[in-house]
Every structure is written in C-alpha cells, then in structure tokens.
Amino acid sequence: MEKNYLIKIAYDGSGFSGWQKQPDKRTVQGVLEEAIGFFTGQDIRLNGTSRTDAGVHALGQCASFRGDFSIPPENLLKAVNSRLSGGRAKRSTVGDVKLLSIEEVDPGFHARFDCAGKTYRYVIDNGPEEDIFRRNYTGRVAEPLDVGLMREAAAYMTGTHDFKAFQSSGGEERETTVRTVSGVTVERQGTDVIIQVTGDGFLYNMVRIMTGTLIEAGLGRRTPGSVKDVIDSLDRANAGPTAPASGLYLKEIYFQEK
C-alpha cells in the first residue's frame, strides 16, 4: 500500500544548480529522487518545501513523497546516505547531500502546502582578509559593518508588509507579495555577521535582497529609517543589491499542526 513520507535534508549547495530538477543539470531534487528510487524500485517525485537557488545551502530543507515499498524508513535512510556519499568507493561517510530523517506522515500531508513558516540564515564574512576555504559558504563584505545600524534597519522589516520591493523578477508569479516576517536578528560572531530571518513565506530572492539592504545600512550607505520608505515604495530599484547565494542557508521549516 502506498504511504506518504517526509524527509529532512541538509546539503552543500555549491555543487548544484539549485533544488528543482532540471534537464542535464545536477540538482538536489534530481540526486535525491535517483538515490531513493534506486533502493525502492519506484519512480520517486519529491515535493520540496523550498526551491532554493544555485549555490544556496540547507540545514533543514524538507520534502514529501509517496511510495509503496517495504524498506523500513531507518534502513532507507542509511542506504540512501551511503549512496549519496559514494557507496563502496566513498572517500567520506557523507556526501554533499545528507538525509537527516525519514518518517511516515499523514496521507494528506504535503511538504510545500502545509508549510507554516521558514527560517533562513545568512553568513557574512566581515573579517580583514577573505578566507579562500569559505568563499562558497559566506557572503563577503570587506569594510567593517555596524551591527547596531543593521539591527535598527532590521526592525523596519518585521511585521506584515507588502515586500514587493524585495522581490527579484523571474521568480514564480505570486497571488500576493504580502508576507509576515516574525523576526530578523543580526549578530556578530567573531569576524562573521549572522542574519536570521523568520517568516510565513518568502518571495524570490527576498532574504538575499533584505540582506543586501541591511549591508548598506551597516556600511552607512543608507539610514535605517530608509527601509520603511523602500517597503512603502513597492519598487525593487529602491532596495539594496541581491547578496550572493553562497552565504544563504535554509535553516528550518515549520509545519501546520493537524
């Protein structure tokens, strides 16, 4: 009998053309569907919660899929992770994608449509010299950032607003650009500046544009209060640049209680 499963995934996005399956490109969805299908003998179709872009990483991406197979979830988890790490020829016990969990869920559950919110993390390397080994995992700002000014600017981003000014063109058409951001934090950890954004949903490149705008505030290139004017303008041209994909992590996904 066909069952419904929820998987939680971590991945290093630097070697992928994003989450969504595309012809002749290496994607997270494509790699996972192949690995799960190999062991289940099924044509697996994953419904991912978030369609992360090329170069974006995940600490807690989620997806659901249906299948009719007898392998216990814990055994499938081990088998798929072994294949993702290279199988018998592996040089490591982990690849650039890892299943964190597999569980059977209610037949009506859908990882995308039952999502109630997400938290994204953006990591900025703000040290005096760029670290060559972290260039695929951080955004880079060489000039010192004023975290206090960034926090002031972030306060204007919280709440329910029309975030049209923080949306890049080219994404999926949305019925509304109104979103609720429940929290934006800015913290300095050593030479890194960490931004975390939690909300009920996000527009295309919204977190990266929010980050670019906060960076401008931190560099003194815009006042914190100007963020309100950007939101009110509904004009992408008034917001900051889109921060590089390399610093963005999908940290956590929250689902509706049923």
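Every number here is computed from the coordinates shown, using simple stated rules; none is lab data. Computed from a prediction, not measured in an experiment: that's the story for all the values here. Cβ atoms come from the backbone with ideal geometry, glycine included; neighbour counts cover every protein chain shown.
GNM on the chain, alpha-carbon springs under 10 angstrom: the most fluctuating residue among G41, G18, G95 is G41. Charged side chains reduced to their Cβ positions (Lys and Arg at +1, Asp and Glu at -1) give segment 1-152 a dipole of some 400 debye around its Cα centre. Dipole orientation for segment 48-185: of the candidates V94, G127, T138, V94 has the Cα lying most toward the positive pole (charges on Cβ; Lys, Arg +1; Asp, Glu -1). Over the chain, what is the percentage of antiparallel beta bridges among all DSSP beta bridges, to the nearest 5? For the chain, the DSSP antiparallel bridge percentage is about 90. From its DSSP helices (H runs of at least four residues, each -39,500 (n - 2.57)), the chain gives a residue-normalised ellipticity at 222 nm of -6500 deg cm²/dmol.
Calculation over all alpha carbon pairs of the chain in 5 angstrom steps from 0 returns a P(r) of 1, 6, 13, 16, 17, 15, 12, 9, 6, 4, 1, 0, 0 percent. Only helices reaching 15 angstrom along their own axis (Cα) with mean Kyte-Doolittle hydropathy no lower than 0.0 count here, and for the DSSP H runs of the chain these are 28-40, 206-218. Overall, the anisotropy analysis places segment 173-258 in the oblate class: the square-rooted eigenvalues a ≥ b ≥ c of its C-alpha gyration tensor yield a/c not less than 1.5, with a/b not exceeding b/c. Taking Cβ atoms as reference points and 11 Å as the exclusive limit, the residues near M1 contribute a net charge of 0, counting Lys and Arg as +1 and Asp and Glu as -1. In this structure, the residue pairs whose Cα-Cα separation is over 32 Å, taken from K118/K228; K78/K164; K3/K164; K98/K164; K21/K228, are K78/K164; K3/K164; K98/K164; K21/K228.
Overall shape: oblate for segment 1-111, with the ratio a/c of the largest to smallest alpha carbon gyration tensor axis at 1.5 or above and b/c at least equal to a/b. Expressed as a fraction of 2.2 N^0.38 Å, the C-alpha radius of gyration for segment 49-158 is 1.47. Can you grab the distance from the C-alpha centre of segment 187-219 to the C-alpha centre of segment 85-153, Å, no decimals? Each part reduced to its Cα centre gives a spacing of 13 Å.
For segment 164-210, dividing the convex hull volume of the Cα atoms by the residue count gives 75 Å³ per residue. Only Cα pairs under 8 Å and 6+ residues apart enter the sum, and on that basis the relative contact order of the chain stands at 23 percent. Largest GNM mean-square fluctuation among R174, R26, R51, using the chain with Cα springs under 10 Å: R174. Note on K251: aspartates and glutamates with a C-alpha under 20 Å away, same-chain residues under 8 apart excluded, are D12, D53, D96, E103, D114, D125, E187, D192, D200. Sorting 132-138, 235-241 by average packing, meaning the other beta carbons within 10 Å per residue, from highest down gives 235-241, 132-138. Sorted largest first, the principal axis extents computed over the alpha-carbon atoms of segment 95-201 equal 52, 39, 26 Å.
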